[in-house]
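A.B. asks: First, the structure itself, so that you have it in front of you.
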Amino acid sequence: MPVESVYPRLEPLLPCVRKPIAYVGGEVNSVVKDWDGTDVRWALLYPDAYEVGLPNQGVQILYEVLNEQDGVLAERTYSVWPDLEALMREHDLPQFTVDAHRPVGAFDVLGVSFSTELGYTNLLTALDLAGIPLHSADRNGADRNGADRNGADRNGADRNGADRNGADRDPADGTWYPLVIAGGHAAFNPEPIADFLDGVVLGDGEEAVLAITAKVRDWKRAGRPGGRDGLLTTLATECHLYVPRFYDVSYLPDGPIARVAPGRPGIPPVVAKHTVMDLDNWQYPSKPIVPVAETVHERYSVEIFRGCTRGCRFCQAGMITRPVRERSITTIGAMVEKGVAATGFQEVGLLSLSSADHSEINEIAKDLADAYEDTNTGLSLPSTRVDAFNVTLADELSRGGRRSGLTFAPEGGSERMRKVINKMVTEEDLIRTVTTAYSSGWRQVKLYFMCGLPTETDEDVLAIAGLARKVIQAGREATGRRDIRCTVSIGGFVPKPHTPFQWAGQCGHEVVDARLRKLGAALRSDPAYGRAIGFRYHDGEPSVIEGLLSRGDRRVGQVILAAWRDGARFDGWSEYFSYPRWAACADEALDGEPVDLAWYTTRERDRDEVLPWDHLDAGLDHDWLWQDWQDALSGAAEVEDCRWTPCYDCGVCPSMGTEIQTGPTGERLPAGTRLLPVLGVS
Ligand code: SF4
């Protein structure tokens, strides 16, 4: 029986909301498959607004990988803004996909991609609107009308939940709710949301979603042996799926975790991440979805490599995505050709954690710039490496095009600070780099730093003002012009799991805010430079909550639930985020526990403390991480990049059975290649 679209009921509500276009779907390259012609159906949730979620590379890849399979259907769903949420509750409308406007509760699997922990409350909204019980433990039973026994209906949820979905429910499927499976970088410590998830995929998703799909299909065809528990057991034992409720967590009287261990036989004590080894075999996305509304990026992004071994100690993305795996220049060329033709995008982004580090980036830049010369298609390299080579690349890619600005990320204001974080950039490097940039015609340079880093002092932050003045001075001397600009942009540092800084005490928001105020005053104090330097920063409070969610354990789930019930939505958006709400909910929810907000955030951890994510294996050796943390504190030797120096035994390659895959291949894009887009040919 087909699942009906909710669009006829949604459409009358759209004139009453702020961004109706975000909910209509119908984008170029979106896919609508016949419901009855498929037997495994995924809804893919990006827990943020359409304009942020649509360009997400991970969702676009999985959407295509799944829809390419016969008998498999994948549709997208995004967080609805609070104005539509209120109307949906009033009119009894469930969370829907934008592709065919099918109710999310009707799908077999709800895959959720987390880029930031501040999206956790949006997961709860989506589950609640979908009629899916918030707690995974409540999704097993026969009582489909129970919804969230712990009080979801306090927020006005429909207590009849999944019944609204009208899913095709054969008798054996009478109590089915979608498996809620999370992935993405912010799911590498899923413990704070463990109670709300059925499973977690650590690492690369391409192969994992296909393995899960095959098991779901087999299980359905076999008559659903063992019910939901049976399926989850298969996925946990055969697909590296982390199923939180199969693990028991016990705590010491003073707060830390005593032990995390499987609560049933056969479940692995440690769950390893998934790693796709040959990116040339996974050429996705090849037909990205073209948004119908304005989004944060509107370009064809090709991931030129995955992983990073530069060893910046604060960088979770670099640590958890190791080892480096490059795409070959010929695959990159073919992907760009297809992607641009399929979308008509007028910008191509060469994506990775540090794109200038591809072993053939020179050749890629030159050949693509040749291919797109005389077209309206621009090329960009979202790299922030501080060196003159990076400027040369940017020059090549912007050949004949617009030069808006270049971003460099020294991250730390003082040389001492940059040594602590293993960002090997000297002041001379930075001045040389910006001099090259200004001399090459760039007028605007953006410098990115962090505040609140381990061991940081006021002087380290105030050093940023001195650097910015020298940058302007260098630009004026190199060009003889006065219209040189530099913007200083500051983010608050949050210690992340699976990094050497996972043991660090987070800096309190009062300290961060005070340092930023002093820096602002220092930047404005010299009229000769003040107007040439822009200053952008966020206050420190959201970082504290991000810290709580990043390094929290299962007890933090109660805080998330309390904050959500109190109205927390879109916590990554400053206009919605409320620190007083989160602080009050943490106080209330953790009352009676030996832990509080400060315990999770500003407290430094001991070497022997069991961390909430210790049973989740990103491949990094515990002793290596600890030694790197000690080296940071003592200012000992810097860690070089293992792409160009010998392996320093971080543990990833042997423990994951992987290896670094870098070129050069010596290949080039065919001479005379003209990768013309459908649109944008001048
Ligand atoms: S194991 Fe060695 S080669 Fe592999 S990523 Fe770590 S340091 Fe590099």
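A.B. asks: If you take the residues of segment 630-647 that are open to solvent by less than 50 Å² (accessible area, probe 1.4 Å) and away from the ligand (no atom under 16 Å from the Cβ), which of them is nearest to D254 (Cα to Cα)?
C.D. replies: A632
A.B. asks: Please indicate, with yes or no, whether at least one residue in segment 465-473 is closer than 30 Å to L620 by Cβ, buried (at least 23 other Cβ atoms within 10 Å of the Cβ) and among the aliphatic types (A, V, I, L, M).
C.D. replies: No, segment 465-473 contains no residue that is closer than 30 Å to L620 by Cβ, buried (at least 23 other Cβ atoms within 10 Å of the Cβ) and among the aliphatic types (A, V, I, L, M).
A.B. asks: Being under 30 Å from A236 (Cβ atoms) and within 16 Å of the ligand (Cβ to nearest atom) narrows it down to one residue among D614, D621; which is it?
C.D. replies: Sole residue among the options that is under 30 Å from A236 (Cβ atoms) and within 16 Å of the ligand (Cβ to nearest atom): D621.
A.B. asks: For segment 649-659, give me each residue that is within 7 Å of the ligand (Cβ to nearest atom) and without any contact (Cβ under 8 Å) to a residue 40 or more places away in the chain.
C.D. replies: Answer for segment 649-659, where residues must be within 7 Å of the ligand (Cβ to nearest atom) and without any contact (Cβ under 8 Å) to a residue 40 or more places away in the chain: D649, G651, P654.
A.B. asks: Across segment 563-620, which residue is farthest from the chain's Cα centre (by Cα) among those that are basic (K, R) and assigned to a loop (DSSP other than H, G, I, E, B)?
C.D. replies: Within segment 563-620, the match that is farthest from the chain's Cα centre (by Cα) is R607.
A.B. asks: When you look at G318, is it of a type in the set (G, A, S), part of a loop (DSSP other than H, G, I, E, B), assigned by TED's automatic domain parsing to the domain that holds K496 and within 16 Å of the ligand (Cβ to nearest atom), yes or no?
C.D. replies: When the stated conditions are applied, G318 does not pass them.
A.B. asks: Does P495 qualify as being in a loop (DSSP other than H, G, I, E, B), in the same structural domain as H615 (by TED's automatic domain parsing) and crowded, with 19+ Cβ neighbours inside 10 Å?
C.D. replies: It is true that P495 is in a loop (DSSP other than H, G, I, E, B), in the same structural domain as H615 (by TED's automatic domain parsing) and crowded, with 19+ Cβ neighbours inside 10 Å.
A.B. asks: Residue check: is D623 in the same structural domain as V324 (by TED's automatic domain parsing), buried (at least 19 other Cβ atoms within 10 Å of the Cβ) and over 23 Å from the mean Cα position of the chain (by Cα)?
C.D. replies: For D623, the condition - in the same structural domain as V324 (by TED's automatic domain parsing), buried (at least 19 other Cβ atoms within 10 Å of the Cβ) and over 23 Å from the mean Cα position of the chain (by Cα) - is not met.
A.B. asks: Determine which single condition Y529 fails, assuming it passes every other condition in (1) modelled with pLDDT of 95 or more; (2) surrounded by 15 or more Cβ atoms within 10 Å (Cβ to Cβ); (3) assigned by TED's automatic domain parsing to the domain that holds D460; (4) in a helix (DSSP H, G or I).
C.D. replies: That leaves (1) as the condition not met.
A.B. asks: Which number in (1) in contact (Cβ under 8 Å) with a residue 60 or more places away in the chain; (2) of a type outside the set (K, R); (3) assigned to a helix (DSSP H, G or I); (4) within 18 Å of D204 (Cβ to Cβ) marks the one condition that P323 misses?
C.D. replies: All conditions are met except number (3).
A.B. asks: Moving on. As an exercise: evaluate R313 against (1) within 16 Å of the ligand (Cβ to nearest atom); (2) over 30 Å from V98 (Cα atoms); (3) touching a Lys or Arg at 6+ places or on another chain (Cβ under 8 Å) and give the number of the one condition it does not meet.
C.D. replies: (3)
A.B. asks: Of all residues in segment 662-676, which are within 16 Å of the ligand (Cβ to nearest atom) and at pLDDT 85 or above?
C.D. replies: Selection gives T662 alone.
A.B. asks: While we're on this one: Considering segment 217-248 alone, what residues qualify as being within 25 Å of V595 (Cα to Cα), open to solvent by 40 Å² or more (accessible area, probe 1.4 Å) and not in a helix (DSSP H, G or I)?
C.D. replies: D248
A.B. asks: Moving on to the next point. Based on this model, can you work out whether W582 counts as at pLDDT 95 or above, away from the ligand (no atom under 14 Å from the Cβ) and surrounded by fewer than 16 Cβ atoms within 10 Å (Cβ to Cβ)?
C.D. replies: So W582 fails the test.
A.B. asks: Sort out which residues of segment 263-282 are free of Cβ contacts under 8 Å to residues at least 40 places away in the same chain and farther than 24 Å from G651 by Cα, and write them in order of number.
C.D. replies: G263, R264, P265, G266, N281
A.B. asks: Could you list, in sequence order, all residues of segment 294-310 that are in a loop (DSSP other than H, G, I, E, B) and away from the ligand (no atom under 16 Å from the Cβ)?
C.D. replies: Answer for segment 294-310, where residues must be in a loop (DSSP other than H, G, I, E, B) and away from the ligand (no atom under 16 Å from the Cβ): E294, T295, V296, H297, E298, R299, I304.
A.B. asks: To continue, here is another question. For residues in segment 326-336 being aliphatic (A, V, I, L, M) and open to solvent by less than 10 Å² (accessible area, probe 1.4 Å), which is nearest to I364 (Cα to Cα)?
C.D. replies: Out of the qualifying residues, it is I329.
A.B. asks: So, one more: Would you say V595 is of a type in the set (V, I, T) and away from the ligand (no atom under 16 Å from the Cβ)?
C.D. replies: Taking the combined requirement at face value, the residue satisfies it.
A.B. asks: Being out of contact with any Ser or Thr (no Cβ under 8 Å at 6 or more places or on another chain), within 22 Å of L124 (Cα to Cα) and surrounded by fewer than 17 Cβ atoms within 10 Å (Cβ to Cβ) narrows it down to one residue among D70, D92, D34; which is it?
C.D. replies: D92
A.B. asks: Could you tell me which numbered condition V461 fails, if it satisfies all but one of (1) touching a residue at least 24 places away in the same chain (Cβ under 8 Å); (2) surrounded by fewer than 22 Cβ atoms within 10 Å (Cβ to Cβ)?
C.D. replies: V461 satisfies all of (1) touching a residue at least 24 places away in the same chain (Cβ under 8 Å); (2) surrounded by fewer than 22 Cβ atoms within 10 Å (Cβ to Cβ) except (2).
A.B. asks: Given the residues V488, V471, V511, which is the only one that is outside any strand (DSSP E or B), of a type in the set (V, I, T) and within 27 Å of S115 (Cα to Cα)?
C.D. replies: Exactly one residue qualifies, and that residue is V511.
A.B. asks: If you don't mind, there's one more thing I want to ask. Considering every residue within segment 326-346, establish whether at least one is touching a Ser or Thr at 6+ places or on another chain (Cβ under 9 Å) and within 14 Å of the ligand (Cβ to nearest atom).
C.D. replies: Yes, segment 326-346 contains a residue that is touching a Ser or Thr at 6+ places or on another chain (Cβ under 9 Å) and within 14 Å of the ligand (Cβ to nearest atom).
A.B. asks: Can you pull out every residue in segment 183-216 that is within 14 Å of the chain's Cα centre (by Cα) and farther than 17 Å from Q316 by Cα?
C.D. replies: G205
A.B. asks: When you scan segment 289-325, how many residues do you find that are open to solvent by 10 Å² or more (accessible area, probe 1.4 Å) and of a type in the set (K, R)?
C.D. replies: Here the count works out to 3.
The values are calculated or read from the model by the stated rules, or taken from the named source; none is laboratory data. As the structure is a prediction and not an experimental result, all values here were calculated from the model. No Cβ is skipped: glycine too gets one built from the backbone with ideal geometry, and neighbour counts run over all protein chains shown. What goes into the accessible areas is simple: the full protein's heavy atoms, side chains included, and nothing from ligands, DNA or RNA. Shrake-Rupley method; radii C 1.70, N 1.55, O 1.52, S 1.80 Å.
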